[in-house]
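The values are calculated or read from the model by the stated rules, or taken from the named source; none is laboratory data. Because the structure is a prediction, the values reported are computed rather than measured. Here Cβ is always computed from backbone atoms with ideal geometry, including for glycine, and neighbour counts include all displayed protein chains. Just so you know, the surface numbers come from the protein's heavy atoms only, side chains and all, with ligands and any DNA or RNA stripped out. Shrake-Rupley method; radii C 1.70, N 1.55, O 1.52, S 1.80 Å.
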Amino acid sequence: KMSSDEELELPAAPQPRVRRHKFKNFAERVADVDVDAFRRLGPVREVPSFGASSWTQEALVKWRELNSAEHFLGLAAQLTPLCETLPQLVHHSEQAFQHILDSMHMKALLSMPAVLAVLAAFAQDLQGDFAARMLPRALAHLTALIDTEGGDREPEFLEAAFNCLALLCKHLARFLLPDLPAVLRMSAGLRYARAPHVRTFAAQAFGFLLRLAAAAPDAAAIPNSDLSAPTPARSSGKEGGVKSGGVLYSTLRALLAEHALHPSEEVTDGAGRLVGEAVLGVGHGLHSRAPLLLGMVLGEDLLKPSDFARGKGGTKTAAGAADKQQQQQHEQEQQGQAEQADSVAPGLSREVLRARATAVACVALDRVLVHLRRGRCQELWDVLLKEAHARLHRLEAQVQQQQQPSQSENAPG
C-alpha cells in the first residue's frame, strides 16, 4: 500500500482536450451577426474624450491601437493632418470623405471595421452637412460593396457595415426624419437586396427611424411633397401641413407605394421586415410605439387608386399634391419613375392595392409572432381587435346604405 506522500508524487491523469475553436458554416456565422448600435454600456457623452477635438480624431486614435491593417494605417495617415481641430475637419470635409470612400473596398476586408467606425464618427462630427451632401454617396457605395462585390458573403463585414448604418441613423435622426421617404428611396438597394439576411440587417438598421417617426410631434412643418413620384401624396384636410403623426403616415404610404408599383418577392419581404423590426421591443415584447405603427399598417385603404392618377406631363392629380415650386424641385427625380408608374398605375385597383398591402402586413406579423412570447401579446391583440371592429362597422354601414335605396323603391306610393 502506497503512502500519502507517494500518491502525491504520481503524475496527474491527462485532462481531455477542450475544443476552443469550432467550425461554423455560413448560416451560423450570419446568425451571430448583431446589428444594434443603440445599446450603450458606458455613460452618454456629448463631447469627445479629453485630448480629442472631434469624434473622428478619437476614432482614429482608438482604432490605430486595435487595427494595424495596411489599408487602415494608410487612411489614418491621410486623415490625421485633416482633423487636428474640428474647424479644420469641416473645412476639409469633402477631401476627408473621399479618402474614407477610397478605403472602402473588399480588398481591404481586414480594415473595414475600423474604416466604417471612422465613417460613423465623421458623420457625428458633420451632422447636417453629412446628411445633406454625403449620406447618399455613402449608401450607394455600401450598396455596391454588398450587392455587386461579394460583401453579402462576408458576415464580419456585414456586421461592421450595418452597425455603421445604424450609427448613421442614430446620429443623423433629426436631419433624416423630416424627409424619411427620401431616406427609404436611398436605402432601397439594401432593403430589397437579393440575399434575405441582408434585408434583415437593413430592416434592423433603418427600423430605428420608423420608430422615431411614430413618436414625432405635430408634423405641420413637414411638406406633403415628401412622397415624390411614383409614391402618392395625400393631404390631411388642413391647409399648410399634415396632421400629427404625418411623418409616419407619409413614410408608410411611401413604403406601401414602393411595393404596390414593384410587387416582387424581395420588395414584399423587405417592406414587411422593416415594419416588423420597427415594432419589436425588449424581452420578447413589443415597443411602446408598436400600436400606432401596427394600426396604420393594418388599416384598410391606406393607399387608393386615385393616389396614383397622373395628369398630363406627369403631374399628380391626387389630393394634397405639392405646389409648383416643390414639384420643380423633385422634377428630375420623378421623371425617370413617372413613365414606369404611368404604365403600372392602370392595374392598381382597390382590390389589388389591398392585396399588396396585406402581403406586406403578413410578413410584418410573421416577424412579430416569431419574436413574441406568451404573456407579451396583449398590445398585438388589442390592435387586431380594434381594426377588426372598425372594418365590421364599415361593412355594416355599407350594407345599410345599399338597403336604403331598395326599401325606398319598394315603399307604397
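Miscellaneous remarks
- Unique residue being at pLDDT 90 or above, of a type in the set (D, E, K, R) and out of contact with any helix residue (DSSP H, G or I) (no Cβ under 9 Å at 6 or more places or on another chain) when the list is ARG374, ARG354: ARG354
- With a requirement of 1 or more residues that are within 17 Å of ALA131 (Cα to Cα), open to solvent by 30 Å² or more (accessible area, probe 1.4 Å) and not basic (Lys, Arg), the helices (runs of 4 or more DSSP H) lying completely within the range 141-200 that satisfy it span 155-171, 173-176, 180-186.
- Residue within the range 97-108 that is assigned to a helix (DSSP H, G or I), farther than 22 Å from PRO196 by Cα, at pLDDT below 95 and among the hydrophobic types (A, V, I, L, M, F, W, C) present: yes
- Residue count, the range 263-291 (criterion: part of a helix (DSSP H, G or I) and closer than 24 Å to ALA188 by Cα): 16
- Residue selected from the range 370-405 under the condition among the hydrophobic types (A, V, I, L, M, F, W, C), part of a helix (DSSP H, G or I) and within 16 Å of PRO291 (Cβ to Cβ), by the criterion most open to solvent (accessible area, probe 1.4 Å): TRP381
- Here the range 245-302 is the region considered, the condition is being within 16 Å of GLY207 (Cβ to Cβ) and among the basic types (Lys, Arg), and the residue that is most open to solvent (accessible area, probe 1.4 Å) is ARG289.
- Filter result for PHE97 (within 26 Å of GLU65 (Cα to Cα) and touching a residue at least 60 places away in the same chain (Cβ under 8 Å)): no
- As a summary of the residue check, LEU145 satisfies the conditions (1) closer than 25 Å to ALA216 by Cβ; (2) among the hydrophobic types (A, V, I, L, M, F, W, C); (3) modelled with pLDDT of 95 or more except for the one numbered (1).
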